[in-house]
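One structure is given here, and the rest of the page talks about it.
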Amino acid sequence: MFVKGYHKPLTQGDIPDLWYERDDPVLACENLEKYWNEETAKPKPSLLKALLRASKKPLIQSGLLCLIETAFTFCGPLLLEQIILFVANPEAPLWQGLVFCISLFIGLTIQLLAGNTHYYIATCIGIRMESALLRLIFKKALAISTSSVRKTSVGEIVNYQSVDCYPINNIFKFIHATWSAPLQVIVIFSLLGRLNGVSSLGVVAFFVVFFPMLLYAFNIAFEMEKKLMQLRDERNGVMNEILQGILVIKFFAWEDSFLKKISAIRAKEINCLKRGIMSMMFTNVLWTVGPTIMAGCVFLIYLASHEYLSSDVAFSSIALINNLNVPLTIFPVFIGNFLQATISIGRLSKFFLEGELDQEAVQSHSHNGLVRIKDATFAWDDTPILSNITLSFKRNHLTAIVGEVGSGKSSLVHAILGEMHKVSGSVEVNGSVAYVSQQPWLLNATLRDNVLFGKPFEEERYNNTIEVSELLADLKMLPGGDLTEIGEKGINLSGGQKQRVAIARAIYANADIYLFDDPLSALDAHVGKSVFQNCFLGVLRDKTCILVTHQLQYLKDCDQIISLSKGMIGEIGTYEELVSSGGVLSALIAKYVKESKEEEEETQQNDKKDKKAGNEEEGSLMTKELKEEGGVSWRIYWSYVQYVGGLLVASAILLAIFGETALVMTANYWLSFWTEMTQHVVNDTFIFPPNSLFPVETHNGLRSWYFLMVYFLILLGSCAFTTSYVVGFSLAVVKASRSIHESTLASVFRAPMYFFDTTPLGRILNRFVSDQFSIDMTLPFTIIQVVLGGTAILSILTIVASVTPLFLLILIPLVFFYRYLQLVYLGTSRELQRFKSMSRSPIYSLFTETIMGITTIRAYHRQPIFNTRQIDLIQHYLRPTYLIEAGIRWLAVRLEFISTVVVTFSGLLGVLSRGLLDEGRVGLSISYALMLSVNLSWFLRLVADLENALVSVERCVEYTRLPSEAPKVIEGTPPKNWPSAGEVIFEDVVLRYRPGLPTVLNKVSFRIKPTQKIGVVGRTGAGKSSLMLSIFRIVEAESGRIIIDGEDISNLGLDSLRKKIAMIPQSPTIYSGTIRSNLDPFTEYTDEELWEAIEATHLSEQINNFPEKLEASVSEGGTNLSVGTKQLMCLARALLKKSKILIMDEATANVDYETDVIIQTAIKKSFANATVITVAHRINTILHYDKVMVMEKGKIVEFKNPQKLLENPDSIFSSLAKESGIKNLL
């Protein structure tokens, strides 16, 4: 694998399947779930205990290997002492020294084999537990109660997978440090005591002084990490909302408002990040310089009871103290990971303990299609929404559910599905269920897959489903037919198309019971009528059908009508009974619907043979994620240097690090010189050689303290350099994190709409979640460890080569071999890391998609299909992940073996050079060579980690270079009071969504005079919404001109254009925050103006019912508000603008007639002197308009006064009105 990756970039096909059955995420999840279920039976369940029990056997195996590694860790310092004593004793036989060197080689080899095997097993445990948690979170999300989902945001739930699983994975890498690190410290302290006696208390003194400081730093880091997790949840939740509603944000030119919202959260995050990084950097550096300080403390106490310091004591002590580097380096890393994991475990435990759907809430006894509710009360949280409901729905019956906005219609459907909390009563649903939601949920898959929804493909049944769902004509228009890829949230389909795909899914399911939550509102009049006749009165005639609707013209064909009011049953009966009763429903029907007495001809003929054959390649929508090849470009390194503050800042930090390393080297040289001088003591006086730096005779005692004082002064200078680079580096990397996030965010916000249409949401979120987490938390510590490790290796090689020049003979070939290993490893490792990063995005996308459509998935009982999809994606992710870890160990074994050879060779040179080198120099050489073993493998592993972490920078930098929309503002345009009249002119406008796609507007030309009211109608996909998008320049015209009040809009800044035109979109989009922030995100209006708009939209009663009034909180996506209320809030936004032009894109499609009246009345009053362009499905809403524009295939086929068009029985508009069941009401 690594040789292949060295010669050519790897492809997905080069990565083998998982090697071991135990790595299967399904088995890992089942194992963890078993122990977690046992824990939940306890008063205080512990997810940590469940994780440890689930991985007990491999933990024991790795623990035994860790014990062997720990035992052989001490062979280096102990044999170093013996080699120094051998060199100091000219009488000792040569074979004795050779035995010591061979023993050193064997001991270090056993240590490296045991250690790397232990780390690999422990790392695999972490990966296995991460995959188990990914599965367990997904399974929980499929079972969690709707009320629990409503308590939190989608972003927070997604964070459980994208952020919380990784720290738990990390703790297993160093889990044995909890006992091996303290054990090593105890053994080292004991050996120091044997060697130095009471002077070993210097180590204790170090811990007594610095340990409270460490605890304080850890406490700060822990608190900051907790706050960071909360802020990440908040930021990612808002980011998810923004991406879900990016079209509306662009319509209103709200990018700056939401940028400020994200930036405010990010600013708090950066403050916490700064304190957290400073704290962890302090602990890491303290452990780095700690051994040198400890050595000074030991020597200080030693000289209090000894006349001078011998080389065997000095360098054996240093070797032992240097051995503390490993436990003291790993332990804070483990503590840091443990702090993060503790927070994540707490969050996941809380999530896993959330309530699940009550499987007993809905009973099923047969498949007769009967739905019965008896004396039932339902609630979302604690407040009842539906009270005292007793209803019965039979097979072969079509029942309509009607009522005003917020009356509980959708809640009743959810109650039947078992999604609501049943407070009392009983619900019986006998048979399989198909469900169509009010706002259709579609998969990011082909249109065919969306219809099949896991069912096997049966051509005849499928074709019939497509026909009755009125999708044949749409398939002809789609580039790949029914194999056209549907974007996330059906982004490349119109509202009507999405709804009909959802209806087709339900019909193909061939269920016993059908629940439709107002699916006909989004359909054009003639399409809606055809769907109603073909589906509800046709193929579903023998089914149990429950239809929530605001389309009262269909009620006459229903077998039963139920009217809801304020969560209770208002009226119930047949159409004739309710019309004659004189009740509320009767008045509504009389006012808005008149039965057509005319014979209607079925004009639409469809031939199944006309269905366009699907071509999956032509129908592909989503772009494939780009993967760089080869090493991370130096351009990325340079970009990061610029982000940290430029070359000057980076150079200053490097100089401080080099200064610290140079002083540590000087301290060890000084120690060697000091011990060497002990060989020249005559009559308690040092006799310095003539070429010595200190040719002065001084009493021995005074000179020893002088050496110690210089030693401490050098250490003090080292600490000064350390402090400077810690502070500078921490501030620099935090600046880089902030700058990268700001640049990526700004670029994404300015990206054209087609980028969001063709890029999965999970892929974009991955940049702001996983990649940003890596840049914030992983990259800084990796960089500093690489730089410190690199300088440490240079210092080691410098000292060893200067003391024993013959070492260069073996060093040169080892350097070439080292370089070869590095190239072989990095070539494969970086490709695997890219595959790993790319394979995470689909996991997040699937999870987000599943959360958004959880009700639909559960209604169809498709949980197994989504579980299978997630398992495949996790396995796809695990394949490169396990290989990366195997590669690290492959490299580490070879590098540590090189280090073992270096140490052994240094020992041999010392043994064979006895008499030529004094023992002080031999001790210095071997003690530094021993440090090379750890530093070399750690360094190259960190270099690989650095490249891997820089992949996240690479991916974010890629998003800083996205194509951008036109400028927001162009100096000098438009005139101050533009638009002043509201004239709109189209001149031969041609529009296509992206190059290569067919045109959606074909040379469209028309003129709308100021203050005219224009209705736009036409079949789904005719180009109505495209017309609106072109006015806002969401999609730029390919040719032609759009002129508003004399200004060519292509010459205007986008903000200048979009802020001047009012918009009420097709789907009401509400964001988390408050009522005020949703109406006025820029705080441009006074409370009086806000309340005026609220009064005009009849929202005052609802908002006054909130204790906080305008400051009442709105949950993510406005889930605590009804669709009608959300649409009225969108109207209030438009009223606040007081624009001369209002665009309404099917704004009343999903509301009842009473809400429709409110909207129409408010528009008529507030926009009397403005131009209004309305895309409409309800013909009656535009009958009083000045003109109606009928569109077909991207062209205008009729554009006249509606009365004149109605008078012409051959006009398309007349037939649309006729099919709507509406006569001439003018």
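Look at Glu1116 and say whether it is at pLDDT below 80 and charged (D, E, K, R). Step through it out loud before you land on a result.
Numbers: at pLDDT below 80: yes; charged (D, E, K, R): yes.
In short, yes.
Please go through region 38-55 and give me each residue that is outside any helix (DSSP H, G or I) and aliphatic (A, V, I, L, M), ordered by number.
If the condition is that a residue be outside any helix (DSSP H, G or I) and aliphatic (A, V, I, L, M), then Ala41 is the only one that fits.
Confirm whether Ala114 is among the hydrophobic types (A, V, I, L, M, F, W, C), more than 29 Å from Glu354 (Cβ to Cβ) and touching an Asp or Glu at 6+ places or on another chain (Cβ under 9 Å).
yes
Answer yes or no: is there a residue in region 300-318 that is of a type in the set (Ser, Thr, Tyr), under 30 Å from Met753 (Cα atoms) and in a helix (DSSP H, G or I).
No, because not a single residue in region 300-318 is of a type in the set (Ser, Thr, Tyr), under 30 Å from Met753 (Cα atoms) and in a helix (DSSP H, G or I).
Which condition number in (1) within 30 Å of Gly487 (Cα to Cα); (2) among the polar types (S, T, N, Q); (3) over 20 Å from the mean Cα position of the chain (by Cα) is the one that Ser199 fails?
Every condition holds for Ser199 apart from (1).
What are the residues in region 202-235 that are closer than 24 Å to Met294 by Cα, of a type outside the set (A, V, I, L, M) and touching a residue at least 40 places away in the same chain (Cβ under 8 Å), if any?
Those that are closer than 24 Å to Met294 by Cα, of a type outside the set (A, V, I, L, M) and touching a residue at least 40 places away in the same chain (Cβ under 8 Å): Gly202, Phe206, Phe210, Phe218.
Quick one: in region 469-500, of everything that is aliphatic (A, V, I, L, M) and buried (at least 23 other Cβ atoms within 10 Å of the Cβ), which residue is farthest from the chain's Cα centre (by Cα)?
Leu471
Residues checked against (1) surrounded by fewer than 20 Cβ atoms within 10 Å (Cβ to Cβ); (2) in contact with a Cys (Cβ under 9 Å, 6 or more places away or on another chain); (3) assigned by TED's automatic domain parsing to the domain that holds Ser913:
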| site | (1), (2), (3) |
| --- | --- |
| Ala71 | yes, no, yes |
| Gln111 | no, yes, yes |
| Val163 | no, no, yes |
| Phe172 | no, yes, yes |
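Taking region 270-282, which residues are crowded, with 23+ Cβ neighbours inside 10 Å and either under 25 Å from Pro1081 (Cα atoms) or among the hydroxyl-bearing types (Ser, Thr, Tyr) (or both)?
The one that is crowded, with 23+ Cβ neighbours inside 10 Å and either under 25 Å from Pro1081 (Cα atoms) or among the hydroxyl-bearing types (Ser, Thr, Tyr) (or both): Ser279.
Among the residues in region 164-185, are any outside any loop (DSSP other than H, G, I, E, B) and over 26 Å from Lys56 (Cβ atoms)?
Checking region 164-185: at least one residue is outside any loop (DSSP other than H, G, I, E, B) and over 26 Å from Lys56 (Cβ atoms).
So which of Val769, Val748, Val727 ends up being touching a residue at least 60 places away in the same chain (Cβ under 8 Å), farther than 30 Å from Leu443 by Cα and either part of a helix (DSSP H, G or I) or charged (D, E, K, R) (or both)?
Val727
Take the residues in region 1002-1017 that are among the charged types (D, E, K, R) and under 20 Å from Phe1213 (Cα atoms), then tell me which one is surrounded by the fewest Cβ atoms within 10 Å (Cβ to Cβ).
Applying the filter and picking the extreme gives Arg1007.
Name the residue that is surrounded by the most Cβ atoms within 10 Å (Cβ to Cβ), counting only residues in region 1080-1131 that are under 20 Å from Trp254 (Cα atoms) and small (Gly, Ala, Ser).
Looking at the filtered set, the residue picked out is Ala1093.
Can you tell me which residues in region 1035-1067 are over 22 Å from Ala1170 (Cα atoms) and either in contact with a helix residue (DSSP H, G or I) (Cβ under 8 Å, 6 or more places away or on another chain) or among the acidic types (Asp, Glu) (or both)?
The answer is Val1035, Glu1036, Ala1037, Glu1038, Ser1067.
Specify which of the listed residues (Leu98, Leu65, Leu80) is part of a helix (DSSP H, G or I) and modelled with pLDDT of 90 or more.
Leu65
Residue by residue, here is whether (1) within 14 Å of His550 (Cβ to Cβ); (2) surrounded by fewer than 22 Cβ atoms within 10 Å (Cβ to Cβ) holds:
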residue	(1), (2)
His397	no, yes
Ala400	yes, no
Gly403	yes, no
Ser407	yes, no
His414	no, no
Ser426	no, yes
Asn430	no, yes
Tyr435	no, no
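Please note which helices (runs of 4 or more DSSP H) are completely contained in region 774-878 and include at least 3 residues that are under 30 Å from Tyr514 (Cα atoms), assigned by TED's automatic domain parsing to the domain that holds Ile657 and touching a strand residue (DSSP E or B) at 6+ places or on another chain (Cβ under 8 Å).
854-859
So which pairs qualify, if the first residue must be in region 412-423 and among the basic types (Lys, Arg), the second must be part of a loop (DSSP other than H, G, I, E, B), the Cβ gap must be under 6 Å, and the two must be at least 6 apart or on different chains?
Lys422/Ala361
The values are calculated or read from the model by the stated rules, or taken from the named source; none is laboratory data. Note that the structure is a prediction, hence the values are computed from the model and not measured. Please note: Cβ atoms are built from the backbone with ideal geometry, for glycine as well, and neighbour counts cover all protein chains shown.
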